[in-house]
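A.B. asks: I have a structure I would like to understand better, so I am pasting it below and will then ask my questions one at a time.
The values are calculated or read from the model by the stated rules, or taken from the named source; none is laboratory data. Quick caveat: nothing in here was measured; it's all calculated off a predicted structure. Virtual Cβ from ideal backbone geometry, glycine too; neighbours counted across all protein chains shown.
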């Protein structure tokens, strides 16, 4: 599975289209609102060849989930089967002249937990992988805990220094966004490895506060990285136990 390793890596596109042989269209809303009364949240898309019969490879290239969902992962279902979360690539045959079910379902397995998730899927021709389409799928529960709105007024992007700092094991991180954006806030160790994902969801303009619990992490320096649209900010913090 594709994992983001660098804290400076930015993805600024939502759907890339490099194909004229088929369509790959999301039919669910951009963000599907689930609930803690369900153990999975489905989002859907359809794949259609424009003509003839095509083998199409579906690949999960990015998966970002709240900590409460991360151990469950996401799953892919098509007309052939439903695949377990560790299957990232599925190849199936689609025909424009048959009644083959063209619906693709991406499941976010939340198992009755609050949280948020983001998956980017690529559909590409097996015979010519340079022809592909990418679509984004997001899910969130309405009461996703951990993010506390402080104000609905903000004129600029900002990421404040955490407090207290040094800390053990709890600290507070504040940030502001001036427009509605898909926001991620992640924690990295000194080697640039992601150790926690605190936020993966769309947020409306305003100032926010989130508490970071470093229980289970070793003492040392860590980085926290906020991404909102094209805005990226990184700051250091020190965990002392």
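A.B. asks: Please verify whether region 220-239 includes one or more residues that are without any contact (Cβ under 8 Å) to a residue 60 or more places away in the chain, not assigned by TED's automatic domain parsing to the domain that holds residue 120 and not in a strand (DSSP E or B).
C.D. replies: No: zero hits.
A.B. asks: Test residue 105 against the stated conditions and say whether it is within 18 Å of the chain's Cα centre (by Cα) and assigned to a strand (DSSP E or B).
C.D. replies: So residue 105 passes the test.
A.B. asks: Now, a different point. Any idea which of (1) touching a residue at least 24 places away in the same chain (Cβ under 8 Å); (2) surrounded by 13 or more Cβ atoms within 10 Å (Cβ to Cβ) is the one residue 83 doesn't satisfy?
C.D. replies: All conditions are met except number (1).
A.B. asks: Okay, moving on. Any idea how many residues of region 60-72 are at pLDDT 90 or above and surrounded by fewer than 20 Cβ atoms within 10 Å (Cβ to Cβ)?
C.D. replies: Counting residues in region 60-72 that are at pLDDT 90 or above and surrounded by fewer than 20 Cβ atoms within 10 Å (Cβ to Cβ) gives 2.
A.B. asks: Condition first: within 16 Å of the chain's Cα centre (by Cα) and outside any loop (DSSP other than H, G, I, E, B). Now tell me which residues in region 20-40 satisfy that.
C.D. replies: Answer for region 20-40, where residues must be within 16 Å of the chain's Cα centre (by Cα) and outside any loop (DSSP other than H, G, I, E, B): 26, 31, 32, 33.
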